[in-house]
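A short write-up of the structure that comes next.
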Amino acid sequence: MAYPDENIVQTWLNTLDGLNIRIKKMFGCYCVYCDDEPVGWLSKDCFSLREVGLSYLPKDLKRPSSGDKIQEIVIPLDYYHCEWLRRAVQDTANLRKAQKEQ
């Protein structure tokens, strides 16, 4: 993984403005947290969102199979402006938090 350019990081962060987001450099990229839950990674120009089974994501995004070691959905920079993205990040945080509480 490679750290994204600061302009790209800012583009993604602007998209998520209003959510409780923080990022942390880790493993050559940025880990993205929403409400203190790790929800994905920023690397190069992509955002990799953790797979939690959201049904409303665009069909053209490649989803991992249940047996795949990495359970993330790679979202190219072209999607940064999409209305569903903020909801997907917040829903991912909420579902991950609920899974921990079970």
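Inclusion of Leu54 among residues that are modelled with pLDDT of 95 or more, open to solvent by less than 40 Å² (accessible area, probe 1.4 Å) and among the aliphatic types (A, V, I, L, M) is warranted. Filtered by the rule that a residue be in a loop (DSSP other than H, G, I, E, B), in contact (Cβ under 8 Å) with a residue 40 or more places away in the chain and closer than 16 Å to Asp91 by Cα, region 3-19 gives Leu16, Gly18, Leu19.
The set of residues from region 57-82 being open to solvent by less than 90 Å² (accessible area, probe 1.4 Å), closer than 20 Å to Cys34 by Cα and either part of a loop (DSSP other than H, G, I, E, B) or of a type in the set (Lys, Arg) (or both) comprises Leu57, Gln71, Cys82.
One residue alone among Leu85, Leu49, Leu95 is surrounded by 11 or more Cβ atoms within 10 Å (Cβ to Cβ), in a helix (DSSP H, G or I), in contact with a helix residue (DSSP H, G or I) (Cβ under 7 Å, 6 or more places away or on another chain) and touching a residue at least 40 places away in the same chain (Cβ under 8 Å), and that residue is Leu85.
I want to confirm something. Restricting to region 1-36 and keeping residues that are of a type in the set (Asp, Glu) and closer than 15 Å to Arg87 by Cβ, which single residue is surrounded by the fewest Cβ atoms within 10 Å (Cβ to Cβ)? Filtering first and then ranking leaves Asp17.
The values are calculated or read from the model by the stated rules, or taken from the named source; none is laboratory data. If you're wondering where the values come from, they're calculated on a predicted model, not measured in any experiment. Here the Cβ is made from the backbone with ideal geometry for all residues, glycine too, and neighbour counts use every protein chain on show. Accessible surface is based on the protein model in full, side chains and every heavy atom, while ligands, DNA and RNA are left aside. Shrake-Rupley method; radii C 1.70, N 1.55, O 1.52, S 1.80 Å.
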